[in-house]
Structure formats: structure tokens, C-alpha cells
Amino acid sequence: MRVLFAAAEIFPFAKSGGLADIAYALPKALSAEAEVTAVMPLYRFIEKERYGIRATGERFTIGFGTEAYDVEIFVGMREGAEVVFVYNPLLCDRDYLYGPPGEGYDDNDLRFAIFCHALVELAKKHSFDLLHLNDWHTAPAAVLVHDAGLRVKTLFTIHNLAYQGVFEPTSLKRTGIAKRHFNMEECEFYGSVNWMKCGIAHADAVTTVSPSYAVEIQEPEYGCGLDGFLRKQKEKLVGILNGVDTSVFDPSNDPAIPARYGIGCLEGKRICKESFMRDVDIDKYELPLFVFIGRFTEQKGIELIIEAAGELAKRPALFSILGEGDPGYLNKLQGLCDRYDVIKVHFGYDEALSHRMYAAADFLLMPSRFEPCGLNQMIAMRYGAVPIVHAVGGLRDTVHPIDSSVDMCGLGFLFENMDSSALLECVDRAIALYAKKTVLERIREFNMECDFSIDRCAAHYLELYRSLL
Ligand code: ADP
């Protein structure tokens, strides 16, 4: 079985969120059982020398719309797994993946159309059996591959339905998508072209990144305008819970944290917390530390933390936030930092700092409005931080109430109503739990032992691949 696994971002080469983590970990985990080649664009900012990325000598020209585009293929190795890179100047020579923070480049349709057409060419030339496409950037390949007459199966994974790749109808021609597909059952969406819809319509199977999200997106509240269409496609829709790469996120062997620790010896976690608190200039080690790590967008529910800040600051607790995103949130968060000593905000994207924060944290705040899967809560649990989450999507599938009668994998605090008082109530319960050291330690260790591994997730994908071929 030969699989071409395509994504717009793969860790560590380019990452804006969880897609990159999965696109790195899943092909690696699958490679024990199938021949999986991961492929992504070779963005200008990827350091070729650092990763040993070299030209393969393979070049081709793809023609669509009224233009022809030259493509060059590169290859790199990452922990024994091969990653293929597609280079074309229009696609790759940019400072950002999709556009400056909060914006998208105007020609993203053309950029990623080049990537999609290149995928079809690679599938043809190298006889792949299955094309595993991820999110809207790769979605049109599902239709292009069939229009090219290839007998390649396609699997499309929805990592986040909120980003669909919606373009003007004039985009059809310049991206080389045949006009006959512009109809309600395929890629038309309120008069525009919708790439996500196109991928869902044409793929042989469609997955979401958690079982709950597969159900939720068929409802108007979470369907982002595609719920009716998804209900029609539900026979081929299945939810497979993402996992984390347990070798990257491993407190017993993580070079980014100041002390290692594991089940049965949590002393290192205390050292990590003290060291982090010193770094942020807080000396109240005895107080519980709550962290938030993620994009500052509406999805992640950061406004709940902003709304609750005045109350949070009155609690015997410390709060540390890491992220980047919408300028409106940045201003408000800066205001909180200025006003409250116990709230610290780190602006930017910092992989190593995120590891130090997971290791230092007692609790993770994840009040996402919606969450296709979410990796933070699983990472946090591996590092012994107890999650506080809005009961939605993948958060519902991975975090179960601490006081539930059955020990489900894992345990934390959930709130149903998306409002700041519900969040505050959970924070208060967490502070009460913090006082019960032995109970807290038992919960930490229980969560650290839960199997959120990518191997479990890979086994499900493998089964699905086999059923398609
Ligand atoms: P998303 O919706 O952004 O994909 P996920 O929970 O699926 O959210 O994945 C987020 C991933 O990105 C996690 O590995 C998280 O630790 C990481 N991350 C998010 N924001 C930052 C940041 N500012 N700095 C470092 N890592 C971050």
C-alpha cells in the first residue's frame, strides 16, 4: 500500500497549529505498516541545510487556467521518514504560511492550486494507491485526481471546518477546477467556490479528528454552513481521534524542560514549575499555576479568560498565557498584564516555551468555543497538568469529569455553558483540588498514563486505508 499524505504544514518545517503536529506524527506512526510519503510545500523560510533537504532532480511543468507553472521536487529525512517538498516560487516564496497574522494572501487559491495539481502529478508518476488529503489547502486534489483519470483512492481529513477555502467564482478558471463541478452537490457555496466542500464531495472517505466533532458538524451550530451538506454525506464520514507524538511530548525525556519527571516521581515537575516562575518573575511557588497556550482567536475562547480576568486575579492563583493571533485580543491581553501582577502573557509562537509551560502547569485552561480535536489538553495531561475545558468536540472525547463514577481516560473539569462564570466555577473547583495534594497527584498520574498516542490513532487510519483499497 503506497500512500501520499499531503498537508500545507508539517512539524518542524512549518507549523501554525495542530495540523502540523499530526502531519508529522501520523505518517511516522503509519510507516511501520504502510509505505507513507508525507508531502508539503517548500516555503522560503524552511532552512534546507538545517534539515538536509536536497533537490531530487525531478522537475515538471503543470498547466492549468491559462498559465504553466514549473515545479521542483525536494526531499528531506525526518527521523527515518521521508518528507517530499514541492517548490514553486508563487506557492513558496512568502514570509508566512497563509498570510500575515489574521490575514490570508489574496492569491491563496492559486498558490494551493499549484500544490494540488502537483500532488496529482506525483500520484501519477509514482503510482500511489491512496492520496490522504488534509484540510482545504489540499481538498481540490480529490476532484483533480479523478478528472485526470487516475485510479487513486482519496481520503480527506477535516482538521477544522471553520477554515474552508472559499473563493470568488472567477477562481475556478485560474485554479483549473472544471466548471462542471460548480454546483450545489460539489463545490458551489452561496455563489462562491468552496474547496472544503469540493474535497468532501469527491473523496472516497472523509474523517474528522474526533468522533464528537463528526456528529457536531452535522448540526447548524457547528456546521459552518455545511451541516446540511454533511448530513447528506454522513455515510462516508467517520471521526478518528487524533493523538500526540509521545516521543516529542514526553516529560521523562524532553530536552526543552529544566528537569525530567514521570509517573512515580513528580519531583521534576516541581522543579519545572519553580524554574518557570523564576523566569516570569513570580515567587509564589505555592500557588496553583493555570496556563493557556494557543491561537488568540474566537475559536479558542480566549475572550472568556479576558472577561473573567478581574475575578481570576482575586483568586489565590497564577495565570500564564502564550499565543499569538487577532490584534484585538492582543491589546486586551496586554491590558490585563499591565493591570494584574498574577496574569502573565507571552506574545508569539515559541515551541520550547510551550513545553516549559506544560511541564510547569498545574492546570490547563482550554475554553474553546468549538474544538475539532485539540492537542493541548492531551499534551497537558501527559505533562501532569489537569485540563479545564468547554465540553465540546474532541475536548468532550478526551476529558471526563473527575468525579465521574467510572475512571475514563483522562480526567479534568468540564463546563457546558460557554460563559465566564462557568469557567470561573471550574477554576474554583481546581483551586480546591489543588489543596488536596494526594488526590491531585493521583489524578495527575492517572492522566499521564492515559493512551493518547498517535499509534492508537494510526491503527484506525490503517484500517480505513485498507477498507478503501
Ligand atoms: P489548533 O486549532 O491551533 O490546531 P491544537 O490544539 O490542535 O490547536 O494544536 C495546537 C498545537 O500548537 C499544540 O501543539 C500547541 O502546544 C501548539 N501551540 C499553539 N500556540 C502556540 C504558541 N503560541 N507557541 C507554541 N506552541 C503553540
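The values are calculated or read from the model by the stated rules, or taken from the named source; none is laboratory data. Treat the numbers as computed from the prediction; the structure is a model and nothing was measured. When we count neighbours, we look across all protein chains shown, and the Cβ atoms used for this are built from the backbone with ideal geometry, even at glycine. The protein model used for the area step is the full one, side chains on, heavy atoms only, and it has no ligands, DNA or RNA in it. Shrake-Rupley method; radii C 1.70, N 1.55, O 1.52, S 1.80 Å.
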Non-local residues with an amide H under 5 Å from the amide H of F64, with H modelled 1.01 Å from N and Pro and chain starts lacking one, are Y69
Largest first, what is the accessible-area ranking of K179, K437 with a 1.4 Å probe?
-> K179, K437
Enter the Cα centre distance for the pair the range 183-209 and the range 390-426, rounded to the nearest angstrom.
-> 32
Rank L230, A148, H181 by how far each Cα sits towards the positive end of the charge dipole of the range 145-265 (+1 on Lys, Arg Cβ; -1 on Asp, Glu Cβ) and give me just the farthest.
-> A148
Quick one: what are the phi-derived ³J(HN,Hα) couplings along the range 289-299, Karplus 6.51/-1.76/1.60 with θ = phi - 60°, whole Hz, x for glycine and proline?
-> 10, 9, 10, 10, 10, x, 6, 7, 9, 4, 3
With +1 at each Lys and Arg Cβ and -1 at each Asp and Glu Cβ, the charge dipole magnitude of the range 1-135 around its Cα centre, to the nearest 20 debye, comes out at 360
Of Y358, A256, A313, which is farthest along the charge dipole of the range 250-379 in the positive direction, counting Lys and Arg as +1 and Asp and Glu as -1 at C-beta?
-> A313
So how tilted is helix 454-468 from the main axis of the chain? Cα-based, degrees 0 to 90, rounded to 10.
-> 30
Of all stretches in the chain that avoid GluC sites (Glu not before Pro) placed in a DSSP loop and having at most 11 other Cβ atoms within 10 Å, the longest is 287-415
Distance in Å, no decimals, from the C-alpha centre of the range 104-123 to the one of the range 2-77 is 13
Just reorder L241, L322 by solvent-accessible area, largest first, 1.4 Å probe, all chains present.
-> L241, L322
For the range 138-282, what is the percent of antiparallel DSSP beta bridges, rounded to the nearest 5?
-> 40
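Over the chain, give the accessible area per residue in Å² for a 1.4 Å probe, as an integer.
That works out to 40 Å² for each residue.
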For H390, the residues 5 or more places away or on another chain with a placed amide H closer than 5 Å to its own amide H are M366, S368, F415
Net charge dipole size for the chain [Lys, Arg +1 and Asp, Glu -1 on Cβ; Debye, nearest 20] | 540
M184 neighbourhood, Cβ < 15 Å, K/R = +1, D/E = -1, net charge +1
From phi via Karplus (6.51, -1.76, 1.60), per-residue ³J(HN,Hα) for the range 25-35 in Hz, x at Gly/Pro = 6, 5, x, 5, 5, 6, 5, 5, 10, 9, 8
Note the angle between two axes, namely the Cα long axis of helix 108-125 and the longest principal axis of the Cα atoms of the chain, as a number of degrees from 0 to 90, rounded to the nearest 10.
-> 70
Before anything else, pin down the relative contact order of the chain: Cα pairs under 8 Å, at least 6 apart, normalised by residue count, whole percent.
-> 13
Over the chain, what percent of the accessible surface lies on carbon and sulfur atoms, probe 1.4 Å?
-> 50
Amide H within-cut-off set for F5, under 5 Å, with H built and near neighbours excluded = T37, A38, V39, H132
How large is the dipole of the range 106-254 about the Cα centre if only Lys and Arg carry +1 and Asp and Glu carry -1, each at its Cβ, rounded to the nearest 20 debye?
-> 720
Please give the helix 420-435 orientation as an angle from the longest Cα principal axis of the chain, in degrees from 0 to 90, rounded to the nearest 10.
-> 50
Toward the positive end of the charge dipole of the chain, about the Cα centre and with charges on Cβ (Lys, Arg +1; Asp, Glu -1), which of L395, A23, Y461 goes farthest?
-> Y461
What is the distance in Å between the Cα centres of the range 229-289 and the range 356-373?
-> 9
Which pairs break 21 Å Cα to Cα here: K15/K125; K124/K173; K124/K179; K236/K300; K284/K437; K28/K273?
-> K15/K125; K124/K173; K124/K179; K236/K300; K28/K273
Apply the Karplus parameterisation 6.51 cos²θ - 1.76 cosθ + 1.60, with θ equal to phi minus 60°, to every residue of the range 164-172 and state each ³J(HN,Hα) to the nearest whole Hz, in sequence, with x for glycine and proline.
-> 10, x, 10, 10, 4, x, 5, 5, 3
